[in-house]
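Notes for the one structure printed next.
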Amino acid sequence: MSDDVQQIKVALAALLNNISKPRRRLLYQQIGRELARNQRLRIKAQQNPDGSPYEPRKPRKQFGKKKGRIKRQLMFRKLVTPAHMKLRYQEEGISLGFYGGDAAIAAVHQYGLYSKPSEYKNFKVKYAQRELLGFTEEDIEMIERFVLKAIADGAL
């Protein structure tokens, strides 16, 4: 993911310097809103940025209840809400991500790390890698379209 970000930055950095600051801020806002919307839709569809589906949840071991029941099929329902997935504007661009405790949960799934399933359990579980944030080809094309439109409008 960071390679994609670097490629986009290098390719568009010189072009963005030709745009006035207020117009650039508006451009960042437009890109940020559209990027956040695309990420939310993709996560709700349970897909990685490359289009592959997320690995499904493992059945929980429950004592005294129905064995092997999965509590909720869809993952990350609350994590994709604007209250958790934050879009922040900066001088040099935008950042879309998770902060605080949400960031810890997201990082475990993003990179497929080990984590305790509960604070009361004394063991760690390896979670499957499910990329929550990442650029799809459509996202890169969308960013290029917005930048080219901003440059064309700025040249008038």
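Every number here is computed from the coordinates shown, using simple stated rules; none is lab data. As the structure is a prediction and not an experimental result, all values here were calculated from the model. A quick note on method: Cβ atoms are made from the backbone with ideal geometry, for glycine too, and the neighbour counts reach across all protein chains shown.
Once both axes come from the Cα atoms, what is the angle between helix 101-111 and the longest principal axis of the chain, in degrees from 0 to 90, rounded to 10? So the inclination is approximately 90 degrees.
Between residue 13 and residue 41, what length in nm is gained on full extension when 0.36 nm per residue of separation is reduced by their alpha carbon distance? Could you put the intermediate results ahead of the total?
Details: separation 28, 0.36 × 28 = 10.08 nm, distance 2.80 nm.
Answer, rounded to one decimal: 7.3 nm.
Among the chymotrypsin sites (Phe, Trp or Tyr not before Pro) in region 92-148, those placed in a DSSP loop whose Cβ has at most 15 other Cβ atoms within 10 Å are 99, 120, 123. Could you work out how far helix 21-44 tilts from the main Cα principal axis of the chain, as a 0 to 90 degree angle to the nearest 10? Tilt relative to the chain: about 30 degrees. Applying a DSSP loop filter and a limit of 14 other Cβ atoms within 10 Å to the trypsin sites (Lys or Arg not before Pro) in region 110-156 leaves 121, 124. Ordering 29, 85, 118 by the projection of their Cα atoms onto the charge dipole of the chain, which places +1 on the Cβ of Lys and Arg and -1 on the Cβ of Asp and Glu, puts 118 at the extreme positive end.
Segment residue 129..residue 114, full-extension length gain: 4.3 nm, with 0.36 nm per residue of separation and the alpha-carbon distance subtracted.
A crude spin-label estimate for the pair residue 78 and residue 5, with each label 7 Å from Cα along the Cβ direction, gives 2.6 nm. Around the amide H of residue 134, modelled in the peptide plane, lies no amide H under 5 Å away from a residue 5 or more places distant or on another chain. Pick from 97, 134, 51: which is most flexible by mean-square fluctuation in a GNM of the chain where alpha carbon atoms under 10 Å apart are linked? Of the options given, 51 has the highest mean-square fluctuation.
For the cross-link pairs 21/149; 21/44; 78/126, the ones whose C-alpha atoms lie over 24 Å apart are 21/44. For residue 122 and residue 103, the difference between the fully extended length at 0.36 nm per residue and the C-alpha to C-alpha distance is 4.6 nm. Over the chain, the Kirkwood radius and the radius of gyration, each from Cα atoms, give a ratio Rg/Rh of 1.08.
Taking only the alpha carbons of region 100-156, we obtain Rg and Dmax values of 19.4, 64 Å in that order.
For the chain, which longest stretch is free of loop sites, where a loop site is one of the GluC sites (Glu not before Pro) that DSSP puts outside H, G, I, E and B and that has at most 16 other Cβ atoms within 10 Å? Write out the running numbers ahead of the final one.
Values: sites that count: 91, 92, 119.
Longest gap between qualifying sites, sites excluded: 1-90.
Which one, 108, 125, 80, has the greatest fluctuation when you compute a Gaussian network model over the chain with C-alpha springs under 10 angstrom? So, out of 108, 125, 80, the one fluctuating most is 125.
Once the Cβ-Cβ distance between residue 90 and residue 152 is put in as r, and R0 is 35 Å, what FRET efficiency do you end up with, to the nearest 0.05? Once rounded, the FRET efficiency stands at 0.90.
Here the sum of -39500 (n - 2.57) over DSSP H runs of 4 or more residues, divided by the residues of the chain, equals -15000 deg cm²/dmol at 222 nm, to the nearest 500.
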